[in-house]
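One structure is given below, represented as structure tokens, and several questions about it will come after.
We did not get these values from a lab; they are worked out from the coordinates using the rules stated. Quick caveat: nothing in here was measured; it's all calculated off a predicted structure. Note that each Cβ is placed from the backbone with ideal geometry, even for glycine, and that neighbours are counted across all protein chains shown.
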Amino acid sequence: MDPSFSNRYCIAGIGHTRYGALPDTSVENLHVQAIQQAVADAGLTKYDIDGVLCLAPVSNFQIGYAVKLSGLLGITPRILGALDQEGASIITLIGYAMMAIDAKQCSVAVISYADNPRSGSRAIYGAPRGTDGIFGWFGTPAAYAMIARAHMEEYGTRAEQLGSVVVACRKHAQLTEHAERHREFSMEQYLSQPMLVDPFRPADCALVSDGGAALIVTSLAHCQSLGIRDPIRILGIGQGHQPQDLSHRQKLTTSGAVASGRQAFAMAGLGTSDIDVAELYDCFSITVPITLEDYGFCDKGEGGPFVENGRIEIGGTLPVNTAGGLLAETGLPGPQLVIEAVRQMRGNCGERQIMDAKVALVSNQGGIMQTHSTLILGR
Amino acid sequence: MAIHDPHGIIVGNIEALYHPTPETLPFWEGCSHGQLWLPQCCECRTVLHPFDSTCSVCLGPTRKWIQASGDGRMITWVIYRRLYNPAFTLPYVVALIALSEGPHIISNLVDCSEATIKAGMPVRIVFDQLTDRIVLPRFRPHSILLEADTYDHSRQIL
Ligand SMILES: [Zn+2]
């Protein structure tokens, strides 16, 4: 996005439901609860919302979802819409909200997601991949495992390095009250897990979670009149995409993070050395080293060594996924990462707070590493 | 329908996973004759993935079918250690293969011990007749990689 958009918009409120198995609550209820929390967090009421932007439930995709949601909220927003970039949607929607506010189409937008694949159906995550089911090609983990294997073959990335990502996320989740995974999890435990789809073990894969999460986006100019106390400024935003099918990609080990990160850093006028904390879309362990490489935190292929020796743990040189990410906090497709970055910028993360953190980087990613969006926040 | 998979990967009914369409039928018919046929864009001559119904290079409206060598190289692979579908048996290898003609396709790697699989490894197609109707193209290691393009790509069946 053009640098003129930097430092003019903010995340004014965050909210989420409990995460995990929530069999007694409908997705609609989860969604409304999350939005209600975000609205209250911003010190607003639902009548302040004039933009409703969302991603429809991935496990139970529906048309007309933003209209339905507006009806559930009992409001008639000036703009609304559901966008489908799969797991990259939330950050992209933040960018589109900024454009809509700039165009004076709305002034306060809610961006939200809710789903219940854990209590409902998780069939989509194990479905035949395209027309190749006849080759036994099933499930999302296998598709990312193909990418992981390619990275291992090309750059010598090892199981212990994937495990370092898992162990870091699990450690951070232990410091996060609302996270789903609280038990200690060591490298030995990781390595002793039987393979699911080799080279992935179950611990390499995102949680499958019920829950809802929401964000309020507005302009800094609106904050004063709205009485918003602690806006977290949006410094940079970007997106980058690749062909949908693995078979149509010339390179499997590079992601849309290259283009997306370049845009976000350029918009913010910042570089990797300015980042104090990173919340990276870890739907599978391999995405963390690849995203770090593609953003330029290390050379291509050096993501494996980069994540070792506690470097991405709290107290390390670049703390990553400080609440546990998709691997340990909750499996929602992205909003929780933005929410954790906002909390880190507000400085109220308690035990897991990164001291003096002033700039946070967030990645969202969709499908089999085919869509990507990047957000840089500052306090 | 009874399944007799010579490589023992499939043991149950996979009819629900086999759905040739008018646009992919030449590929599957080729397999049943022990031949690999790929679509080629009539406009820009890009050799396409067997299941591509359009050319994403030039958006040309028509394809012809050319016979391919059946040779390729391993790009990457996974080994299933947990079943996703009861018609299969464990373990089995799903591979992404770069065909000599250009397209990358998903298939199985067979006749290969797990420890010897390598990215870049040359492979050659084998055709496994599973039922009267279903012949699956799979790949096995091939020590001598033939020079690509010794095939006559102008042969057409459509
Ligand atoms: Zn063409």
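Of the candidates A:Gln250, A:Gln161, A:Gln37, which one comes out as most mobile in a Gaussian network treatment of chain A with C-alpha springs shorter than 10 Å?
Evaluated over chain A, the most mobile residue of the options is A:Gln250.
Same structure again: Give the span of segment A:151-229's Cα atoms along each principal axis, as three whole-Å numbers ordered largest to smallest.
Taking the Cα atoms of segment A:151-229, the three principal extents are 56, 32, 20 Å.
Using a 10 angstrom cutoff on alpha carbons, build the Gaussian network for chain A and name the most mobile of A:Arg343, A:Arg249, A:Arg158.
A:Arg249
I need A:Cys106, A:Cys223 ordered by Cβ neighbour count within 10 Å, fewest first.
Working: A:Cys106 20, A:Cys223 17.
Ordered by Cβ neighbours within 10 Å, fewest first: A:Cys223, A:Cys106.
Once you keep just the Cα pairs under 8 angstrom separated by 6 or more residues, what percentage relative contact order results for chain A?
25
Which of A:Met267, A:Met146 has the fewest other C-beta atoms within 10 Å, and how do the rest follow up to the most?
Working: A:Met267 23, A:Met146 27.
Ranked by crowding around the Cβ, least crowded first: A:Met267, A:Met146.
Now for a separate question. Taking only DSSP H segments of four or more residues, each worth -39500 (n - 2.57), what value at 222 nm results for chain A once the sum is divided by all its residues, to the nearest 500 deg cm²/dmol? Show your work: numbers first, answer last.
Numbers: 12 runs with 123 residues, N = 379.
Helix-only estimate at 222 nm: -9500 deg cm²/dmol.
Here's a follow-up. List every residue whose amide H lies under 5 Å from the amide H of B:Tyr92, counting only residues 5 or more places away in sequence or on a different chain, with H placed 1.01 Å from N in the peptide plane.
B:Tyr80
Rg and Dmax of chain A, using alpha carbons, in Å: what are they?
Rg, Dmax (Cα atoms, Å): 19.2, 59.
Here is a follow-up. Normalise the Cα radius of gyration of segment B:21-150 by 2.2 N^0.38 Å (N = residues in it) and let me know the number. Display every interim value, and only then the final one.
Details: Rg = 15.3 Å, N = 130, 2.2 N^0.38 = 14.0 Å.
Output field value: 1.09.
When averaged across all projection directions, what area in nm² does the alpha-carbon convex hull of segment B:1-84 cover?
Details: hull surface 30.0 nm².
That works out to 7.5 nm².
Putting +1 on Lys and Arg Cβ atoms and -1 on Asp and Glu Cβ atoms, find which of A:Ile147, A:Val167, A:Val58 reaches farthest to the positive end of the dipole of segment A:45-189.
Going by the charge dipole, the pick is A:Val58.
Also, I was wondering about something else. Each residue of segment B:26-36 in order: what ³J(HN,Hα) in whole Hz does its phi give by Karplus 6.51 cos²θ - 1.76 cosθ + 1.60, θ = phi - 60°, with x for Gly and Pro?
Karplus values, whole Hz, x for Gly and Pro: x, 4, 5, 5, x, 4, 5, 9, x, 10, 9.
For B:Lys118 and A:Arg229, what does the FRET efficiency come to when R0 = 60 Å and r is the distance between their Cβ atoms, rounded to the nearest 0.05? Present the calculation step by step, with values, prior to reporting the outcome.
Details: r = 58 Å, r/R0 = 0.97.
The pair B:Lys118/A:Arg229 has a calculated efficiency of 0.55.
Hey, with R₀ at 60 Å, roughly what FRET efficiency would B:Ala2 and A:Met99 work out to, going by the Cβ-Cβ distance, to 0.05? List each step's numbers first, then the result.
Values: r = 59 Å, r/R0 = 0.99.
Given R0 = 60 Å and the Cβ-Cβ separation, E is 0.50.
Let me ask something else. Excluding residues fewer than 8 places away in the same chain, name every one of the lysines whose C-alpha is closer than 28 Å to that of A:Lys300.
In chain and number order, the partners are A:Lys171, A:Lys251, A:Lys358, B:Lys118.
Based on DSSP H runs of at least 4 residues, each adding -39500 (n - 2.57), what is the mean residue ellipticity at 222 nm of chain B after dividing by all its residues, to the nearest 500 deg cm²/dmol?
Values: 1 runs with 8 residues, N = 158.
Per the formula, -1500 deg cm²/dmol.
Need one number: % antiparallel among DSSP beta bridges in chain A, to the nearest 5. Numbers along the way, then the final one.
Values: 38 of 51 bridges.
Just about 75 percent of them are antiparallel.
If I histogram all Cα-Cα distances within segment A:103-185 using bins 10 Å wide from 0, what percent of pairs lands in each bin?
Percent of pairs per bin, in order: 13, 22, 35, 21, 8, 0.
Using only the C-alpha atoms of segment A:1-70, find the volume of their convex hull and express it per residue in Å³. Please list the in-between numbers first.
On the way: hull volume 9.8 nm³, N = 70.
Hull volume normalised by residue count: 141 Å³.
If you don't mind, there's one more thing I want to ask. What is the dipole size for the protein assembly as shown, taken about its Cα centre, with +1 at each Lys and Arg Cβ and -1 at each Asp and Glu Cβ, in debye to the nearest 20? Walk me through the numbers before you get to the answer.
Values: 40 positive and 52 negative charges, 115 e Å.
For the protein assembly as shown, the charge dipole is close to 560 debye.
Quick one: order A:Asp274, B:Asp132 by neighbouring beta-carbon count within 10 Å, fewest to most. Don't skip to the end; give the middle numbers.
Values: A:Asp274 15, B:Asp132 9.
Ordered by Cβ neighbours within 10 Å, fewest first: B:Asp132, A:Asp274.
Something else about it: What percent does the relative contact order of chain B come to when contacts are Cα pairs within less than 8 Å and at least six residues apart?
On the way: 317 pairs, mean separation 38.7, N = 158.
25 percent.
Note down the nm distance, to one decimal, between modelled labels 7 Å out along Cα→Cβ at A:Ser26 and at A:Thr317.
5.2
Straight-line reach only, C-alpha to C-alpha below 21 angstrom: list the lysines that A:Lys46 could link to, leaving out same-chain residues fewer than 8 apart.
Cross-link targets: A:Lys68, A:Lys104.
Just to check I understand the Karplus step: with θ = phi - 60° and J = 6.51 cos²θ - 1.76 cosθ + 1.60, what whole-Hz values come out for segment B:108-115, glycine and proline as x?
Once rounded to whole Hz, the list reads 9, 9, 10, 6, 8, 6, 3, 5.
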